[in-house]
Each structure stands twice: as C-alpha cells, then as structure tokens.
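The values are calculated or read from the model by the stated rules, or taken from the named source; none is laboratory data. All values reported here derive from a predicted model rather than from experimental measurement. Here the Cβ positions follow ideal geometry from the backbone for every residue, glycine too, while neighbour counts run over all protein chains shown. Remember, those area values only see protein heavy atoms, side chains included, never the ligands or the DNA or RNA. Shrake-Rupley method; radii C 1.70, N 1.55, O 1.52, S 1.80 Å.
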Amino acid sequence: LSKYSAYYERSGFAVVRYTVPITQIRSFSSYRKFALEIYETILQQEADRPIFFHMFSMNGCSLFTALWDLLDNVSDDQIKQRVKGLIFDR
C-alpha cells in the first residue's frame, strides 16, 4: 500500500491507509467502528485536500460502505464534497 500512498501524496491527495483486522469482523456492522476511526482521521487533515478512495478486496469495499453510510449521518457533509474518485481493486 505504501507505493500507492506515495503516489497519491505526490499528487496532492490526503492519504489514510487502513486495513481492518479481519479477525474482528463478524458482520457488516463490525465495520462501523473502523469507519468512525477513519472519519476522525479525515477530520484532522487539511480541509481543502481532495479525497480519493482506493479500496482493496471486499474488506476494503465494506469499510468504504460503512464510512459512506456514516457520512450520510453526520452533520458536516464537506467530506463527501471533497471525494474526487474511487478505485475498487481486487
């Protein structure tokens, strides 16, 4: 993941690398606590940097879905407006 992170950082994107420990996943709702951690990390970054999601496997896609659902329920929708793209990588 570090080679992708370096590329995105050079391109001006904010980078958050995260791998959900699969041993802690029992159902989709298990992803919600990890989505909250990512949300809090994004809030600490520069608010004007674009966001680009690059997800790997079903684990990454499930985490993204939980995060997107969380963003639907928070009062500040600025993060969704910063999203400029998605890559689903298997």
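Phi angles of the stretch 47-53 translate, via the Karplus equation with coefficients 6.51, -1.76, 1.60 and θ = phi - 60°, into HN-Hα couplings of 6, 9, 7, x, 10, 9, 9 Hz per residue; Gly and Pro are given as x. Taking amide H atoms as placed 1.01 Å from N in the peptide plane, the amide H of ILE51 lies under 5 Å from those of VAL83, LYS84, each 5 or more residues away in sequence or on another chain.
In whole percent, and with a 1.4 Å probe on the protein chains, what portion of the accessible area of the chain is carbon and sulfur?
The value for the chain is 51 percent carbon and sulfur by accessible area.
Would you mind checking the stretch 45-70 for residues with the amide N under 20 Å from a putative spin-label position 7 Å along Cα→C-beta of GLN81? The answer is 45-53, 68-70, whose backbone nitrogens lie closer than 20 Å to the label point. With all protein chains kept in place, the per residue accessible area of the chain amounts to 66 square angstrom at a probe of 1.4 angstrom.
Peptides 23-29, 8-14 ordered by packing proxy, namely the average of other Cβ atoms within 10 Å per residue, highest first: 8-14, 23-29. Each peptide in 58-66, 80-88 receives the mean, over its residues, of other Cβ atoms within 10 Å, and ordering these scores from highest gives 58-66, 80-88.
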